[in-house]
1. So is A:Ser370 of a type in the set (Ser, Thr, Tyr) and more than 22 Å from A:Asn199 (Cβ to Cβ) or not?
2. Report, by residue number, each residue of region A:397-419 that is without any contact (Cβ under 8 Å) to a residue 40 or more places away in the chain and within 14 Å of A:Phe309 (Cβ to Cβ).
3. Could you count how many residues in region B:41-71 are in contact with a Ser or Thr (Cβ under 9 Å, 6 or more places away or on another chain) and free of Cβ contacts under 8 Å to residues at least 12 places away in the same chain?
4. Check region A:191-204 and report whether any residue there is within 14 Å of another protein chain (Cβ to nearest Cβ) and either within 20 Å of A:Met300 (Cβ to Cβ) or surrounded by 11 or more Cβ atoms within 10 Å (Cβ to Cβ) (or both).
5. Report every pair of residues separated by at least 6 positions or lying on different chains whose Cβ atoms are under 7 Å apart, first residue within region B:72-89 and facing chain A (nearest Cβ under 8 Å), second among the hydroxyl-bearing types (Ser, Thr, Tyr) and surrounded by fewer than 19 Cβ atoms within 10 Å (Cβ to Cβ).
6. Report the residue count in region B:74-111 for those that are within 26 Å of B:Leu36 (Cα to Cα) and out of contact with any helix residue (DSSP H, G or I) (no Cβ under 9 Å at 6 or more places or on another chain).
7. In region A:165-187, is there at least one residue being away from chain B (no Cβ under 14 Å), modelled with pLDDT of 80 or more, surrounded by 16 or more Cβ atoms within 10 Å (Cβ to Cβ) and under 30 Å from A:His3 (Cα atoms)?
8. Does region A:72-85 include one or more residues that are within 14 Å of chain B (Cβ to nearest Cβ) and modelled with pLDDT of 80 or more?
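The values are calculated or read from the model by the stated rules, or taken from the named source; none is laboratory data. Remember, predicted model here, so these are calculated numbers, not experimental data. Glycine gets a Cβ as well: all are built from the backbone with ideal geometry, and neighbour counts include every protein chain shown.
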Amino acid sequence: MNHLPLIIKREYLTKVRNKSFIVMTFLSPLIMIALFGVVAYLSQLNNDKERTISVLDETGYLKDVFQNTETTTYTNLTGLSLEDAIALVKEKEDYGLLHIAAVDSLELMTNNVKFYSEESPSMSVIFKLEGKIAERLREKKLEKDGVTLAQIEASNTTIDIAQESFDGEKSSKADSVVKLIFGGAAGYLLFMFIIIYGNMIMRSVIEEKTSRIIEVIISSVKPIQLMMGKIIGTSLAGITQFVIWAVLGGVLMLIVGFIFNIDILAMQSQQQEMALQTLQDSGINQKVGEYFIAFQHLPMTNLIIAFLFFFIGGYLLYSSLYAAIGAAVDNETDTQQFMLPILMPLILAVYVGVFTVIEDPHGTVSTVFSFIPLTSPVVMLMRIPFGVPLWQQGLSLLLLIGTFIFAVWFAAKIYRVGILMYGKKPTYKELFKWLRY
Amino acid sequence: MNDLLVANSVSKNYGNFKALNEVSIAVPKGSIFGLLGPNGAGKTTLIRIINQITMPDQGTVHLDGQPLKPEHIRDIGYLPEERGLYKSMKVGEQCLYLAQLKGLSKSEAKTRLKYWFNKLEIGDWWNKKIQELSKGQAQKIQFIVTVLHQPKLLIFDEPFSGFDPINANLIKDEILQLRDEGATVIFSTHRMESVEELCDHIALIHKSNKVLDGKLNDIKRQYKTNTFEVGLESLNKDKVFSEIQNKFEVLPATFRNLNDDIKLNIKIGENTSPNDLLSFLTSKAEVHHFVEVIPSASDIFIQTVKNN
C-alpha cells in the first residue's frame, strides 16, 4: 500500500495552512524590504544634509578646487586672519573651517592643513576634502617638474588582462565575479534551506511524538514512508515559501527601487560626474557587456542539472538526519546535543566554500571538500560555475547518493525505534544500540 | 481453522533485554480475547508485533491462516494505549486522513464516518479542531477511527481509560456489538472487572513469558478449589460447627446475609460432590446460603503473578 502521496499531501497542507507559516511567508519580504527602505532612506537623509564649509587658503594653491555642490557650499575667506575666520565661522554656524596655512614649499603643505569645527566632522567630509587637496597637490607637483595636465591625463592607463583557456575559450575577470555570485548564491541557498526546513521537519516529528499519534499512524504505514512523506511534504512547503518570497521580494524590490532610484541617481549625479568621466574612457557600456557575456559563459546546462541534483541530494541527506534527531528526542530542548554534529559540517562547508573556492576553485582543499558527502553539496555547487570535470561531479554525486541511502537507512532505524520511545533523553550509546533492534 | 490469529513461539529482544520469550497465543474467531499481564510484562511488544510495528526475532504470526504481511494492516484496527491525534487538525479531515491510511477510499470513509458520527451523536464536531475537544471526546474520535475500516481483528489497549462511566459503557456496548457482527477482539487491560464482563478467553503474560491461557471459564474451573461458601442457621451453633470441622476443611467466611449464625468456607475433597456436602449440611442445620467459590479474574491474576 503506497500512502506516500497521502502523507505528502497532509504534511504539505498542514504546513501551508499553519498561521505562523502564512504570516512568515508574507511578512518576511515586507520586513526585509521595509528594513532596506529605512536604511536607504536614512542614508539618503544623511547625505542630503546641507553643509557650508569655509575655506581659508593662505597658499593660494587651492583656488578653484572647492566647487559648490547641491549639498555642500564652500565660502572663500581668503584675506582674513585665522582668529577672525574662526570667529566668523562660529557666528555663521558653518559646518567647519578648512585652514591651509602658508608654507614655503608644496612638500610642507601636506602637514599644515587643519579642519576646525564645533563637533568632530564626519569621516566622509574629511575624506572628500583630503581627496580634493591631494589631487590638486599632485597636479601642482607634477607641473613644477614640467609635466602638463594634458600629459597627466594622457598617462592615465587602465589595463585589463584578457583571459583565454588552452581550448580557446575566452573569459574575463567579470566571468570570475559572475561565477562567484552564482556559485555562492547556490551554495548559500542550500545552506539556508537545510537549516530552515530541516528544523521544520524535526519539529513536526517531535509534534507527532508529543501528541502521541505516532503509534496510531505507524500501525497503518511504514516508518520510512512516514519519514519520506514528511521530508517531501515539508520541502514542497519550503519551495512554495521560497517561490513566494522570490516573487514578492522581487516585486517589492522593484517598487522600492523605483521610488528610491530616481532620488539616488539625482543625488549622486554630481558626485559621480568626475568618476563618470574616467569611466567613460574605459567604457561603461563595455563593462556591462562584459558581465552579460560572462553570464553567457556560464556552463548553464551543467549548472542547472548539477544544482537540481546536489540541492536535492544534499537537502534529503540532511533532512533525514534532522528527522532522526526529532525521532530520538521528546522535546525541542533536547535536540541541542544532536544538532551540533549536523551543523558542524554544514558550517564548515560554507566556510570552505567562501574562503577556498574564491581563492582557488580547483585547489586541493576545495576539491577534497567537494567530494566529502556532508560538505559536497554546498562546496560543489560553489565550484561548478568555474567548470568542474564531469567525472568529478559524477563521483561526488555518487558518493552523495550513497551516503544519502545510508543516512536514510540510519535515520529510519533511529526513527522506527525512537518514535515509540518516551521519557528518557537517549545517549549516543543508546542510539547506536537502537540500530541493532 | 477456527483461530483468527495464531502467534507461534514469538520472541523479541531489545538489546540484552528479553521482551518476549517464546510466547504462543491463539485467538479464536469471534471471541473477545483478554491479554493480561502486569506493567512491563511484554503485552505491548506482542501487540506491536501483531501490528507489524516491530518484527519478532523468532517465531511466526498468522492471521486467518496466512503469515502476517503488510496487506494485513487493513484487517487490523489498533487503539494503542499511548494514543493521540494531530491537535491542530480538524476532526473530520483527520478522520478521513487516518481512514485513507487504512486503505479506505475517501468517499467510502466519508459515508462511514457520517454513520458513526450520527450513531455517537457527535455530528457537530466535524469542523472542530482536536484541541477544542476534551480528552474523553478525543477518545471517542479515536475509537471511531480504530473501527471505521471494519477490521477482522480489533486490538484495544486500555480502551476505557479517560472515559467517564457512561461513555465507558457506551464504548463497551459498541465493542460487544462489533463482536456480534463478527469481529474478533484482543483486549488488553489492567481492569479485571472489564475482563470478567467482556472476555471469553484470556492469556496472561508475566516477565516476558506466557504463564496462563485458555477459556476464562476453563481457567476458573482449573483454579477453583472445590470450596463452598455456606450460611447456616441453627440453635446449636457450636455443635454443628465442630461436626462440620471434623468432616471438612473449614475457613471463616464473610458475606452479607440476614442472619449471622454460621458463615463458613468449606473445602471438600476431589471425590466429594457438592450434593454430598449439601445433604450433610441440611441434616445438621438450615441452609440459607450455598454458593461455589469461583475465583475472580483478579484473584487468578494476582495468584499467578505471585507464584511466578
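1. Values: of a type in the set (Ser, Thr, Tyr): yes; more than 22 Å from A:Asn199 (Cβ to Cβ): yes.
For A:Ser370, the condition - of a type in the set (Ser, Thr, Tyr) and more than 22 Å from A:Asn199 (Cβ to Cβ) - is met.
2. A:Leu398, A:Leu399, A:Gly402
3. Qualifying residue count, region B:41-71: 3.
4. Residues of region A:191-204 that are within 14 Å of another protein chain (Cβ to nearest Cβ), as a first pass: A:203-204.
Filter once more, so that each one left must be either within 20 Å of A:Met300 (Cβ to Cβ) or surrounded by 11 or more Cβ atoms within 10 Å (Cβ to Cβ) (or both): A:203-204.
Yes, there is a match, as at least one residue in region A:191-204 is within 14 Å of another protein chain (Cβ to nearest Cβ) and either within 20 Å of A:Met300 (Cβ to Cβ) or surrounded by 11 or more Cβ atoms within 10 Å (Cβ to Cβ) (or both).
5. Within 7 Å, the pairs are B:Gly84/A:Ser211; B:Leu85/A:Ser211; B:Tyr86/A:Ser211; B:Lys87/A:Ser211.
6. The total comes to 2.
7. No, every residue in region A:165-187 fails to be away from chain B (no Cβ under 14 Å), modelled with pLDDT of 80 or more, surrounded by 16 or more Cβ atoms within 10 Å (Cβ to Cβ) and under 30 Å from A:His3 (Cα atoms).
8. First, the residues of region A:72-85 that are within 14 Å of chain B (Cβ to nearest Cβ): none.
Scanning region A:72-85, I find no residue that is within 14 Å of chain B (Cβ to nearest Cβ) and modelled with pLDDT of 80 or more, so the answer is no.
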